[in-house]
Amino acid sequence: MSTSRELPPRAGSRAEQERLSRRAQRKREAERRARQRRLLLVIVPIVIALVAVGIGIWWSQRSAQEVAAVQMPDVSKYTSVPHDGRFLGDPNAPVHVIEWGDYQCPACKSFEQRFFPTIVEQYIATGKVRWEFRDFAFIGAESTRAAEAAYCALDQGKFWEFHAALYANQTGENVGAFSDRRLEEIARVVGLDVGQFRSCLRDGTHKEEVQQMIREAQSLGVRATPSFSVNGSAPFTIRSLGDLTQRIEEALP
Amino acid sequence: MNRLPRWSLTSAVLALAGIGVAGYLTVVAYDQSLLVCGLGDCSTVQNSPYAKIAGVPIALLGLLMYLALFAVSLARWRWWRQADVLTSANAGIALAGTLYSGYLTYLELFVINAICQWCVASAVLVTALFLVESWGLRQVLREEPVSDRGVGSPPRAHRRQSVL
């Protein structure tokens, strides 16, 4: 940097002057490049970040608004065992289990899809357990609406098919997964008479029954879902499937 | 003096904390063993349709972001000559994370109507990372000498750096 001061140019030496001027020019050029580089190091990350976030938000909005096509799950586990209204299994089975659930509850969905097939196979199909599902709709408006809709499906003899389809189409809480329009769509894939279903839901045919079921559960001490009761025991929640099968085994004669 | 600037250490520590938080949220996102929905909290945020982009949990994207920030921090210690580019990269990543966290916090407050404490913790961490990295970028760019031999040679004190 200070080379020029240490070695003062000899006046009159044209070559030396040119050399110094070239050096000064190179220095100016280097400074310009450095400024440019600094600017790029600030601007480029800002631009990339803005573009990335823009794409992320657009994508997030798109996937959230896109109502997933309604799925029809495999319901053979229900139709292969005796089923009647809210009940599954032999009416004379020695053990009666009640499950309280909320169709918007992810834990209920998890129980239904991961563990319930085992219960059906080991206890319900074998005539040891009679299973009953009751509503404890507490997560929000769409919970009660889904519970009422399941009641309307019950009127048409397809409670368990509709029940399984609700869990299969749970996409989030109070985000439109169980809006009336989507419930009708679910009714359609389940094979219900959609016109009848629609008027049942619109008229609030089972509104009071659902509310009554919730009040009853509350008075029995249900505070979370899924809760269970084995042969009239106080409601309990589980941490593993073993917690439930143990209670059933204890109740078996 | 082979001393690392304090801000680069702070940044690495924040990124590690972020890995912890986002790692926990990712485990929760993939864990299906949730067996009870209680009153008040039912993983509303993590179960919202905004918790995933194209099937990938946001928590996993967050974890990848913190891992990238941490990896770049380590690379910066190893190759301090490139500190300006690496800091610029980290500042960019952290800026994207901060802006996206802002969007997610908006969703939590006004759309999903539920707050997830771990998500808030992550938003705070990434914002702090952005501030630290921006400060670092400022420092690194200021230190950058200009010589007619070239541009961006690192200051002598930083030519050889060790991690500690």
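Please determine whether any residue of the range A:63-83 is surrounded by 13 or more Cβ atoms within 10 Å (Cβ to Cβ) and among the basic types (K, R). Yes, there is a match, as at least one residue in the range A:63-83 is surrounded by 13 or more Cβ atoms within 10 Å (Cβ to Cβ) and among the basic types (K, R). Checking the range B:106-114 against the condition returns no match, with no residue being of a type outside the set (D, E), away from every other protein chain (no Cβ under 14 Å) and under 30 Å from A:R33 (Cα atoms). Residues in the range A:201-246 that are surrounded by 15 or more Cβ atoms within 10 Å (Cβ to Cβ), among the hydroxyl-bearing types (S, T, Y) and more than 24 Å from the chain's Cα centre (by Cα): A:S229, A:T245. Look at (1) surrounded by 16 or more Cβ atoms within 10 Å (Cβ to Cβ); (2) at pLDDT 95 or above and you find that B:V45 fails only one, number (2). Between B:V140, B:V132, the distinction of being more than 9 Å from chain A (Cβ to nearest Cβ), over 15 Å from B:L63 (Cα atoms) and buried (at least 22 other Cβ atoms within 10 Å of the Cβ) belongs to B:V132 only.
Residues of the range A:142-173 that are surrounded by fewer than 20 Cβ atoms within 10 Å (Cβ to Cβ), more than 22 Å from the chain's Cα centre (by Cα) and assigned to a loop (DSSP other than H, G, I, E, B): A:Q156, A:G157. Evaluating A:L50 against the criteria (1) within 14 Å of another protein chain (Cβ to nearest Cβ); (2) part of a strand (DSSP E or B); (3) in contact with a Leu (Cβ under 9 Å, 6 or more places away or on another chain) leaves one unmet condition, (2).
Residues in the range A:113-131 that are surrounded by fewer than 17 Cβ atoms within 10 Å (Cβ to Cβ) and over 22 Å from the mean Cα position of the chain (by Cα) were compared, and the one that is nearest to the other protein chains (Cβ to nearest Cβ) is A:T118. Select from the range B:80-95 the residues that are free of Cβ contacts under 8 Å to residues at least 24 places away in the same chain and at the interface with another protein chain (Cβ under 9 Å from one of its Cβ atoms) and list them in ascending order. Within the range B:80-95, B:V85, B:A89, B:G92 qualify. Being in contact with a Lys or Arg (Cβ under 7 Å, 6 or more places away or on another chain) and aromatic (F, W, Y) is a property that A:F87 has.
Which one is modelled with the highest pLDDT among residues in the range B:1-42 that are touching an Asp or Glu at 6+ places or on another chain (Cβ under 9 Å) and closer than 24 Å to A:R114 by Cβ? Step by step, filter the range B:1-42, then rank; the result is B:C37. Checked against (1) in contact (Cβ under 8 Å) with a residue 12 or more places away in the chain; (2) under 30 Å from B:F110 (Cβ atoms); (3) assigned to a helix (DSSP H, G or I); (4) not acidic (D, E), A:G176 passes all but condition (3).
The values are calculated or read from the model by the stated rules, or taken from the named source; none is laboratory data. None of these values were measured; they are calculated from a predicted model. Note that each Cβ is placed from the backbone with ideal geometry, even for glycine, and that neighbours are counted across all protein chains shown.
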